[in-house]
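The values are calculated or read from the model by the stated rules, or taken from the named source; none is laboratory data. What you see is a predicted model; the values in this text were computed from it and never measured. Don't worry about glycine lacking a Cβ; one is built from the backbone with ideal geometry, like all the others, and counts go over all protein chains shown. Each accessible area value is taken on the protein alone, full model and side chains, heavy atoms only, with ligands, DNA and RNA left out. Shrake-Rupley method; radii C 1.70, N 1.55, O 1.52, S 1.80 Å.
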Amino acid sequence: METKSTFSSHSDDPGLVVAKGRFNGQTPAERDMQEKDHRTKLANAIYMAISNHGYANVRAIGTNAIANAVKAITSVTERCGKKGISLMWESAIEKGNLGPVRDPGHVQDVTAYSFRIKQWVDTGEANE
């Protein structure tokens with residue numbers, strides 16, 4: 001389901017984490033290192049948001065950012081699994097404006113993928 005809105009900022013949503021997609025290293029090896037470092041930091045931020053707020057909302061704009069978000073979410077899922085915590089996540093496509101995040105004059109609408117991650121609670125009810 002696609003919704004159009006003005007994207008919120010970190011002050012509006014304490015569980016918001018933004019995935020970055022492009023890096024400006026001089027060589028491919030430097031870019032790969034920066035990307036890996038970003039994914040590690042992103043995974044840590046997602047883990048902390050879940051720990052502190054019970055959820056994390058990850059926003060990714062662009063294919064590289066989406067790939068980094070999915071890799072970071074997978075890393076967090078594995079990390080939590082080792083601690084006996086199950087996570088679930090759902091994704092949505094949003095169309096919105098980055099104005100409040102960047103500057104009030106920014107008017108270009110963009111499409112973002114949003115991932116909501118939260119702890120899975122088994123209610124014990126069987127699905128039929």
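Within segment 54-80, if we keep just the residues that are among the β-branched types (Val, Ile, Thr) and open to solvent by less than 10 Å² (accessible area, probe 1.4 Å), the residue that is farthest from the chain's Cα centre (by Cα) turns out to be Val76.
State yes or no: is Glu128 modelled with pLDDT of 90 or more and open to solvent by 90 Å² or more (accessible area, probe 1.4 Å)? For Glu128, the condition - modelled with pLDDT of 90 or more and open to solvent by 90 Å² or more (accessible area, probe 1.4 Å) - is not met. One residue stands out in segment 8-67 among those that are among the β-branched types (Val, Ile, Thr) and part of a helix (DSSP H, G or I): the one that is nearest to Lys83 (Cα to Cα), namely Ile50. The set of residues from segment 74-86 being among the aliphatic types (A, V, I, L, M) and in contact with a Phe, Trp or Tyr (Cβ under 6 Å, 6 or more places away or on another chain) comprises just one member, Val76.
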